[in-house]
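Inspection log for the structure reproduced underneath, given as structure tokens.
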Amino acid sequence: MSHYVPVSVGGPSRSNSFWSITEEKGTDTPATATPDARSEIVRNENGDPIYRGRIAGGKYLEGDEAPPPPDHEDDGPLKVVDIDMPLTLTELVQHEDGKQYIVVSFADGDKENPFNWNVWYKRSITTMLNLMTLFIGLATTAYSSGINSMTRDFGVSAELGQVGLFTFNIACALAPMILAPFCEMVGRKVVYAGAYLCFTLLFIGLALGQNITTIIILRLFLGLFGCVGTILVGGTFDDMYEPLERGRPMAMFSFVAIFGTVAAPIYAGFIDQALGWRWIEGIQGLANVPLLIAIFLFFPETRGGVALHKRAKQLRKATGDERYVAADDINTPSVKAMLKASSVKAVHMLATEPVVFAFGLWIAFCWAVVFLLLSAIPITFSEKRGWNEGVAGLPYISLCVGTTLGWAAHHYQRRKYEDLNADKSRKVLPESRLYGAMFGALFLPAGLFIYSFTQYAYLSWVGPTIALAPIAFGIYFVFEGTYSYTADCYGTSAGSAIAGQGLMRNTLGAVTPLFASQFFHNVGSQYAGLILALFGTLLSTIPFVMFKYGHVLRARSKLAREF
């Protein structure tokens, strides 16, 4: 990453909140030339150069948009330009390559700064993102409900049809490692709109595909464009929300991601039974169209750096001074550095950091359980109890209920964390994020034990149906605890850590459908469920161990933050 520092010329300025401009010796400026920063030497009353200032012009000084004077008067002198320019702060900096730049930034209350957007406007943007995540989650698992009828039509094995689940998830596992840096570089809106357009159009091919090869390849691209639409969500929330405000939208995002994945079979089975597997894909594609239109028409660019880049470009043109830039223009890591962080560093942290690996394994197990249930639930309710395909999808409602209850209970965890932050006598550590995870961790294995021992055909369907709710309840807290704790532990390296965990999660989610049916049939659904319950019990100790010894592991790590 590039670095820059304020220029110090001829001695220190009186205040660090000022902007200094250096005199370029030997440069003759014609008297008729438009004055710019290079032809001005701004000094304070002591004669010292100052290196911070303000710039504005046009209607923002004279019209209704003009700020009430004095505005930001402590941030240095005001430079007037002959274009419409909102009040913008400037700072002369020295780059590591020896060049000088005038970096522009938002003034307090600037309406173009995403942090200052109206709260309801932010919520509308968040809603669009969550709906996108919901539709992508539905597409992940709705496909599974039509596998048997699809493979019968194509005359291939059901196992080959399961490969479509594999290709979708493996794209979600590997593509972010390569695409994430490029998504960060070009802005949010163009990526969201482009990826979601391709995602929606792919349903046409899935609905009309004439062979299994076409379906498998299209599912690969569906996962590719679907993951692009979700890997930026956390960064988009960072664009708009302050850290203490970010917990609520992130909790909703986690809820929607899990809810969409477990909800699809509720309706997909009925569609397949009544209309056929092609209509599962066709209806989903049509359902995406209204949101796609809304994204193209109403979704804004959320990166404040994009607006500042446009201002800097306007200022360069208006003043002739090529030094005007946005911070992102000179402080953005190279593509090589970002690729290394999103792939090499992510895998390295997964392999060498106990915290990253432990929570990565835990969340990967949970994702594997979700996809194993796509095979376990039909065995429990269709094969053993004779329910038809549509009715056999109704137990997924219990998973949705559990996910919803998990999201509701998370508010107590968030409130406790906010109370800890408000208590000035306590030092808030990453382990303060684990109260919810310790509470929710117990529900996942408990639900798996109940489900395992209530699958027998002679027992009521109520037992295994109810057992699905605590499974989903626990999974939600695993997701929430994993991401919040990892982010707090690693700070600037958190993106790489979470990318490594995502790789493990989606890879295991991709592989499990390939052997899920054989696992439950060959081992026996009761014993397969018991194995999962025992493994889940072992992993549920992770938040308790980290709560007690996490500070020790963080102290030994070179990448963890210091507290």
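Any idea which of PHE439, PHE381, PHE449 is among the aromatic types (Phe, Trp, Tyr) and within 27 Å of LEU350 (Cα to Cα)? Show your work before the answer.
Values: PHE381 fails: within 27 Å of LEU350 (Cα to Cα); PHE449 fails: within 27 Å of LEU350 (Cα to Cα).
Being among the aromatic types (Phe, Trp, Tyr) and within 27 Å of LEU350 (Cα to Cα) holds for just one of PHE439, PHE381, PHE449, which is PHE439.
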Candidates ARG505, ARG415, filtered to the one that is in a helix (DSSP H, G or I), under 21 Å from ILE542 (Cβ atoms) and among the basic types (Lys, Arg) = ARG505
Can you run down the residue pairs with Cβ atoms below 8 Å, 6 or more apart or on separate chains, where the first is in the stretch 513-531 and surrounded by fewer than 18 Cβ atoms within 10 Å (Cβ to Cβ) and the partner is outside any helix (DSSP H, G or I) and of a type outside the set (D, E, K, R)?
-> GLN526/GLN455; GLN526/TYR456
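I'd like to check something: does the stretch 481-501 contain any residue that is of a type in the set (A, V, I, L, M), in a loop (DSSP other than H, G, I, E, B) and closer than 29 Å to MET177 by Cα? I'd like the intermediate steps shown before the answer.
First, the residues of the stretch 481-501 that are of a type in the set (A, V, I, L, M): 487, 494, 497-499.
Within this subset, residues satisfying the condition of being in a loop (DSSP other than H, G, I, E, B) are none.
No - not one qualifying residue is present in the stretch 481-501.
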All-but-one check, VAL347 against (1) farther than 18 Å from GLY235 by Cα; (2) without any contact (Cβ under 8 Å) to a residue 40 or more places away in the chain; (3) open to solvent by 60 Å² or more (accessible area, probe 1.4 Å), failing number (2)
Which of the residues that make up the stretch 496-512 are surrounded by fewer than 20 Cβ atoms within 10 Å (Cβ to Cβ) and either over 15 Å from TRP362 (Cβ atoms) or of a type in the set (Phe, Trp, Tyr) (or both)?
-> VAL511
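Quick one: which of SER517, SER484, SER540 is under 24 Å from GLY247 (Cα atoms) and either more than 25 Å from the chain's Cα centre (by Cα) or modelled with pLDDT of 90 or more (or both)? Spell out the reasoning first.
On the way: SER517 fails: under 24 Å from GLY247 (Cα atoms); SER484 fails: either more than 25 Å from the chain's Cα centre (by Cα) or modelled with pLDDT of 90 or more (or both).
When all the criteria are applied, what remains is SER540.
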Taking the stated definitions as given, is ALA528 of a type in the set (Gly, Ala, Ser), in a helix (DSSP H, G or I) and either in contact with a Ser or Thr (Cβ under 9 Å, 6 or more places away or on another chain) or at pLDDT below 90 (or both)?
-> yes
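For GLU353, are the conditions met, namely being charged (D, E, K, R) and at pLDDT below 90? Walk me through it before giving the result.
Numbers: charged (D, E, K, R): yes; at pLDDT below 90: no.
Considered against the rule, which asks whether it is charged (D, E, K, R) and at pLDDT below 90, GLU353 comes out as no.
One line per residue, one yes/no per condition, for (1) crowded, with 17+ Cβ neighbours inside 10 Å; (2) at pLDDT 85 or above; (3) of a type outside the set (Ser, Thr, Tyr):
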residue	(1), (2), (3)
SER39	yes, no, no
ARG54	yes, yes, yes
LYS59	no, no, yes
ASP71	no, no, yes
ASP74	no, no, yes
PRO86	yes, yes, yes
GLN94	yes, no, yes
Of all residues in the stretch 546-563, count the ones that are without any contact (Cβ under 8 Å) to a residue 40 or more places away in the chain and not basic (Lys, Arg).
-> 4
Residues of the stretch 451-472 being open to solvent by 30 Å² or more (accessible area, probe 1.4 Å), in a helix (DSSP H, G or I) and without any contact (Cβ under 8 Å) to a residue 60 or more places away in the chain, in sequence order, are VAL462
Taking the condition hydroxyl-bearing (Ser, Thr, Tyr), more than 28 Å from THR482 (Cα to Cα) and more than 19 Å from the chain's Cα centre (by Cα), does THR352 pass?
-> no
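Determine whether ILE475 is among the β-branched types (Val, Ile, Thr) and either touching a Phe, Trp or Tyr at 6+ places or on another chain (Cβ under 7 Å) or free of Cβ contacts under 8 Å to residues at least 40 places away in the same chain (or both). Break it down stepwise before answering.
Values: among the β-branched types (Val, Ile, Thr): yes; either touching a Phe, Trp or Tyr at 6+ places or on another chain (Cβ under 7 Å) or free of Cβ contacts under 8 Å to residues at least 40 places away in the same chain (or both): no.
Here the answer is no, as ILE475 does not meet what is asked.
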If a residue has to be assigned to a helix (DSSP H, G or I) and open to solvent by 40 Å² or more (accessible area, probe 1.4 Å) to count, how many in the stretch 351-398 make the cut?
-> 9
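So, in the stretch 424-450, how many residues would count as being outside any loop (DSSP other than H, G, I, E, B) and either open to solvent by 40 Å² or more (accessible area, probe 1.4 Å) or under 14 Å from TYR476 (Cα atoms) (or both)?
Initial filter on the stretch 424-450 (outside any loop (DSSP other than H, G, I, E, B)): 430-441, 443-450.
Now restrict to residues that are either open to solvent by 40 Å² or more (accessible area, probe 1.4 Å) or under 14 Å from TYR476 (Cα atoms) (or both): 433-441, 443-447, 449-450.
Matching residues across the stretch 424-450 total 16.
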What helices (runs of 4 or more DSSP H) completely inside the stretch 293-339 contain at least 1 residues that are in contact with a strand residue (DSSP E or B) (Cβ under 9 Å, 6 or more places away or on another chain) and buried (at least 16 other Cβ atoms within 10 Å of the Cβ)?
-> 304-319, 327-331
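The values are calculated or read from the model by the stated rules, or taken from the named source; none is laboratory data. For clarity, every value in this text was computed on a predicted model and none was experimentally measured. Note that we place each Cβ from the backbone using ideal geometry, even for glycine, and neighbour counts take in every protein chain shown. Protein only, heavy atoms only, side chains kept; ligands, DNA and RNA dropped before computing areas. Shrake-Rupley method; radii C 1.70, N 1.55, O 1.52, S 1.80 Å.
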